[in-house]
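In what follows, a single structure is set out as structure tokens and then discussed.
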Amino acid sequence: MTKFIVILLSAVFINNYVLSRFLGICPFLGVSKKLDSATGMSLAVIFVMLMATAATYPIQKFLLDPNGLGYLQTIVFILVIAALVQLVEIVLKRYIPSLHKSLGVYLPLITTNCAVLGVTILNIDEGYSFAEAMVNSLGSGLGFFLAMVMFSGVRSTIEGSDIPESFKGLPVTLTAAAITSLSFLGFSGVIENLFPM
Amino acid sequence: MINDILTAVIPVVIIGIICGAVLVIASKLMAVKEDERFPKIRECLPGANCGACGFAGCDGYAKALCENPGTATNLCVPGADAVSKQLSEIMGVEFEDVIEQVAVVHCAGDCNKTQDKYEYSGIPSCSAAKLLYGGKGSCIFGCLGLGDCVNACPQNAITVVDGVARVDPKECIGCGICTKTCPQKIISLVADVEKVVVTCSNKDKGAVTRKVCTNGCIGCKKCERVCPLGAIKVVDNCAVIDYDKCTDCPDFGVCAKNCTTGCIMLSDLSGMHRFKEEVKA
């Protein structure tokens, strides 16, 4: 049990996909302007990360590894994730239109998100079991959610403040993102000391 | 060698085919029926998402047309008659004329006619300036000239000239976004066939108005008396033209000529739609 908690917490705080691993920067900067779109995007990411792990983990273990095709990992994962997201979109549109509407444009956007691909590949690299991989995906999604929501707050403060002309727009956003990710460095070592193995 | 390549290529191809097949089957099985008129209607609409029709953007209007059979086809003001014609064709209903409209700023108190009561150096926004003693101008009803409407206008049809917003009728699509944005509520939509406008919104008594702006309506009711159609009424010390009555004036321009302060003005509102028709003809 402790192991799951450790995996979950470290995925959220220490190995945060956006702020520590620098994956998924594109939606992090693109969709974090407003809180509601940031939340929508993050929920879609959590959902897709879980689905993608559930789909790619068996493929790696039962198809690629036994046939010595481990090097095809990246291309197969991209293929499967893209198809999966499209399928999920079709299913949602048919059966849960309300959810489809709230996830809206974000679902297809995630199709080629590197954070999703990163989670699935790192799950294999870390040698997790299926359950551990799912927990790690959930934690990564939650970490993405945390980063997005936090940063949308930071950005709304930036919007209202007086910024030098040459700093307006992307420069100040990137600087703020850097400082936010620095603050997450403060978490390093916390989990190891909380749950000594 | 060739075997190695094949063992790599074949699984990927198979996975690809399976994924493709699943997607095709899923999209066929779980297709959500869309009204086939929807894309056609959506194509006709200008896509400015201005909301003049009263629905949430062009998609909203197209959806309403599909789902509620009674929805009028002449609601798209920017698209004007051309769009209305296409829509009525698609919907199979009678063509209805669109009343093309143009935004008019009911204030002409530029810096020659009125003075500032203080120097404003805060956020350059009308709604912010209004919070500070009703704006920097000595007339608290007039245009603040900081350009909230300029920023809101999707067509860049508004400019601030000498401290007062001016709408270029040739650019204005009549969406009415500026009328909602203006914190002073001095912009309104007027049918583009009209030739007379009141350029003042001051509701103070004549003497007070006169002190703050030489263009201001002092509510002398001279226009009421000279208007042969009884279309002008002074409401709250400010002249208001009832455009329903102001048609085919036998003594055109008499109100503007007789206006004491000159706040009733003759002006050519023929907007872009009429302009386009003229060019075509």
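The values are calculated or read from the model by the stated rules, or taken from the named source; none is laboratory data. Bear in mind that the values here come from a model prediction, so they are computed numbers and not experimental data. Cβ placement follows ideal geometry from the backbone for every residue including glycine, while neighbour counts extend to all protein chains displayed. Heavy atoms of the whole protein, side chains included, go into the accessibility calculation; ligands, DNA and RNA do not. Shrake-Rupley method; radii C 1.70, N 1.55, O 1.52, S 1.80 Å.
What to note about this one:
- For B:V196, nonlocal amide neighbours, meaning residues 5 or more places apart or on other chains whose placed amide H falls under 5 Å from its own, are B:S267.
- The B and A chains share an interface that buries close to 1300 Å² of accessible area, total over both sides, probe 1.4 Å.
- Loop-located chymotrypsin sites (Phe, Trp or Tyr not before Pro) in segment B:100-176 (DSSP state not H, G, I, E or B) with no more than 15 neighbouring Cβ atoms inside 10 Å: B:Y118, B:Y133.
- Chymotrypsin sites (Phe, Trp or Tyr not before Pro) within segment B:41-110: DSSP coil, no more than 15 neighbouring Cβ in 10 Å: B:F95
- Taking 20 Å as the limit for the C-alpha separation, the pairs A:K101/B:K85; B:K136/B:K170; B:K211/B:K233; B:K63/B:K85 exceed it in the case of A:K101/B:K85; B:K136/B:K170; B:K211/B:K233.
- Scalar couplings 3J(HN,Hα) for segment A:115-125, obtained by applying the Karplus form with A = 6.51, B = -1.76, C = 1.60 to θ = phi - 60°, are 5, 5, 4, x, 4, 5, 6, 5, 4, 6, 4 Hz; x denotes Gly and Pro.
- Integer Hz, Karplus 6.51/-1.76/1.60 couplings in order for segment B:157-162, x for Gly and Pro: 8, 10, 10, 9, 10, 6
- The protein assembly as shown - accessible surface per residue (Å², probe 1.4 Å): 52 Å²
- Helix A:170-185 axis versus longest C-alpha principal axis of chain A: approximately 60°, rounded to the nearest ten.
- Acute angle (nearest 10 degrees) that the helix B:2-29 long axis makes with the longest principal axis of chain B, alpha-carbon atoms: 50 degrees
- A run of chain B free of exposed loop cleavage sites, with GluC sites (Glu not before Pro) counted only in DSSP states other than H, G, I, E and B and at most 10 other beta carbons within 10 Å, reaches its longest extent at B:120-281.
- Each residue of segment A:63-79 was assigned a 3J(HN,Hα) from its phi angle through the Karplus expression (A = 6.51, B = -1.76, C = 1.60, θ = phi - 60°), giving 10, 6, 4, x, 9, x, 10, x, 6, 7, 2, 4, 5, 5, 4, 4, 4 Hz with x at Gly and Pro.
- What separates the Cα centres of segment A:111-149 and segment A:61-89 is a distance of 15 Å.
- Surrounding net charge for B:T260, when Lys and Arg each add one and Asp and Glu each subtract one, Cβ distance under 13 Å: +4
- Using a cutoff of 8 angstrom between alpha carbon atoms and counting only pairs six or more residues apart, the relative contact order for segment A:35-155 works out to 49 percent.
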